[in-house]
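Asker: Please find one structure pasted underneath; my questions will follow.
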Amino acid sequence: NAEYMGGRTCEAQHNGDWFHGEILECKKHADGSERIKVQLIGYQANTAGTLEFKRGDKGVKLLVPPTAAQLPPGAKIQAIFSEDGLWYNAQIEQHTETGYIVKYTDYGNTEEVKFDRVRLVGGNKDGQVGTASGSVDPNTKKRKIKEIITESGFRIPENLLVKPTDTAEQRDKKRNKVIALKKHQKQEMADAEAAQKANSWQKFQNKAAKSKAPTVKPSKESQFRTGSEQKGMTQFTGPQRHYFAGQGGQE
C-alpha cells in the first residue's frame, strides 16, 4: 500500500523497545495476508535488525513529519541520526529533493536526512524516541545515549567507537565523525574558558573601582549664604533695598 511504501521511516517494536526503521517492502503473501519488512536504522542489513510485521500490527507505525513550510533554513529541529536511529538536536541547513541537510548542533557534523526523519521540538530532551505524530511525546520511553569520556575530557557516543566487526568504510565514517565532534567540543571548551576569564576580569574591575571611589564628605555651611537661605530672614533686592536705605535702614 502507498502509506507503507518502501523507503518510508517508521517506528518498530522489538523486544519491548521502540526503534526507528525503514520500510523495505510491503507485499501480500499466498495466504492473503500483507507483510511489512522493516530494516532498523543503524543496524546492518541481513542481521537481527531486519524485522517483519503483519499489516495492522500495532508494533509498527509510520512517522508523520512536519511540512517543508514549517522547516525553513535555520529552523531548530530534531533529526534521526543514520548511525544509530536516535533523535538528536539539529538545525535545518537547506532543503533537498528527498529531505533536508541538517547540522547536529551538539556535535557539529552534518548529513542529509529523509523528509520523514525530522520533527519539531519544544522543551524536549536528546535521545527521546519519537512518535508517529512528528512531535515530541513526553510520555514516550527514552533510549539513553551512552557516552565515553576520554582522558582529554571529550564526550564520545558509544556507538561511534570502532568495533572489530566494522568494515573499512564504517571505521572511516566513525573516525571522521569523532574528529568533527572533538573539534566542536574543543571550540565549546575554548568559548567557556574565554567567558570565565571575561567574567573574572569584570568582577576584578568592579572591585577595584569600588576600592578607589572617593568618599564624599558633607560640605560645611557657607558663611556667604544669601538672606533668603537664612531661616526667618527676608532678602530685599532692587527698589526695595533703596527704599529701606532711604528710611535710615542699612544695606
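Asker: Which ones in the range 5-58 are free of Cβ contacts under 8 Å to residues at least 60 places away in the same chain, of a type outside the set (S, T, N, Q), open to solvent by less than 30 Å² (accessible area, probe 1.4 Å) and under 22 Å from E169 (Cβ atoms)?
Answerer: Those that are free of Cβ contacts under 8 Å to residues at least 60 places away in the same chain, of a type outside the set (S, T, N, Q), open to solvent by less than 30 Å² (accessible area, probe 1.4 Å) and under 22 Å from E169 (Cβ atoms): L40, I41, G49.
Asker: Moving on to the next point. Hey, among A168, A180, which residue is at pLDDT 70 or above and over 29 Å from E97 (Cβ atoms)? Lay out the reasoning, then the answer.
Answerer: Working: A180 fails: over 29 Å from E97 (Cβ atoms).
So the residue among A168, A180 that is at pLDDT 70 or above and over 29 Å from E97 (Cβ atoms) is A168.
Asker: Restricting to the range 145-158, give me the number of residues that are open to solvent by 80 Å² or more (accessible area, probe 1.4 Å) and assigned to a loop (DSSP other than H, G, I, E, B).
Answerer: 3
Asker: Which ones in the range 66-79 are assigned to a loop (DSSP other than H, G, I, E, B) and open to solvent by 30 Å² or more (accessible area, probe 1.4 Å)? Before the answer, list the steps.
Answerer: From the range 66-79, those assigned to a loop (DSSP other than H, G, I, E, B) are 66-67, 71-75; that's our starting set.
Once the filter is applied, which keeps residues that are assigned to a loop (DSSP other than H, G, I, E, B) and open to solvent by 30 Å² or more (accessible area, probe 1.4 Å), the range 66-79 yields T67, P72, P73, G74.
Asker: Six or more apart or on different chains, Cβ atoms under 7 Å: show the pairs whose first residue is in the range 179-208 and more than 29 Å from Y104 (Cβ to Cβ) and whose second is of a type in the set (F, W, Y).
Answerer: Close Cβ pairs satisfying both conditions: none exist.
Asker: Take T105 and tell me if it is surrounded by fewer than 15 Cβ atoms within 10 Å (Cβ to Cβ) and modelled with pLDDT of 75 or more.
Answerer: Details: surrounded by fewer than 15 Cβ atoms within 10 Å (Cβ to Cβ): yes; modelled with pLDDT of 75 or more: yes.
It is true that T105 is surrounded by fewer than 15 Cβ atoms within 10 Å (Cβ to Cβ) and modelled with pLDDT of 75 or more.
Asker: Next question. Going residue by residue through the range 80-98, is there one that turns out to be at pLDDT below 90, in a strand (DSSP E or B) and exposed (fewer than 14 other Cβ atoms within 10 Å of the Cβ)?
Answerer: Within the range 80-98, none of the residues are at pLDDT below 90, in a strand (DSSP E or B) and exposed (fewer than 14 other Cβ atoms within 10 Å of the Cβ).
Asker: Any chance you could count how many residues in the range 159-204 are assigned to a loop (DSSP other than H, G, I, E, B), more than 25 Å from W87 (Cβ to Cβ) and open to solvent by 100 Å² or more (accessible area, probe 1.4 Å)? Before you say what the answer is, go through the steps one by one.
Answerer: In the first step, residues of the range 159-204 are kept if they are assigned to a loop (DSSP other than H, G, I, E, B); the result is 161-167.
Retained after the next criterion (residues that are more than 25 Å from W87 (Cβ to Cβ)): 164-165, 167.
Going one step further and asking which of them are open to solvent by 100 Å² or more (accessible area, probe 1.4 Å), we end up with 164-165.
Going through the range 159-204 one residue at a time, the tally reaches 2.
Asker: Got a number for residues in the range 108-119 being open to solvent by less than 40 Å² (accessible area, probe 1.4 Å) and more than 16 Å from the chain's Cα centre (by Cα)?
Answerer: Taking the range 108-119 as the starting set, the residues that turn out to be open to solvent by less than 40 Å² (accessible area, probe 1.4 Å) are 108-109, 111, 113, 116-119.
Those still in the list that are more than 16 Å from the chain's Cα centre (by Cα) too: 111, 113, 116-117.
Total meeting the criteria: 4.
The values are calculated or read from the model by the stated rules, or taken from the named source; none is laboratory data. Given the structure is predicted, the values throughout are model-derived calculations rather than measurements. With ideal geometry, Cβ positions are generated from the backbone for all residues, glycine too; neighbour counts draw on all protein chains shown. Protein only, heavy atoms only, side chains kept; ligands, DNA and RNA dropped before computing areas. Shrake-Rupley method; radii C 1.70, N 1.55, O 1.52, S 1.80 Å.
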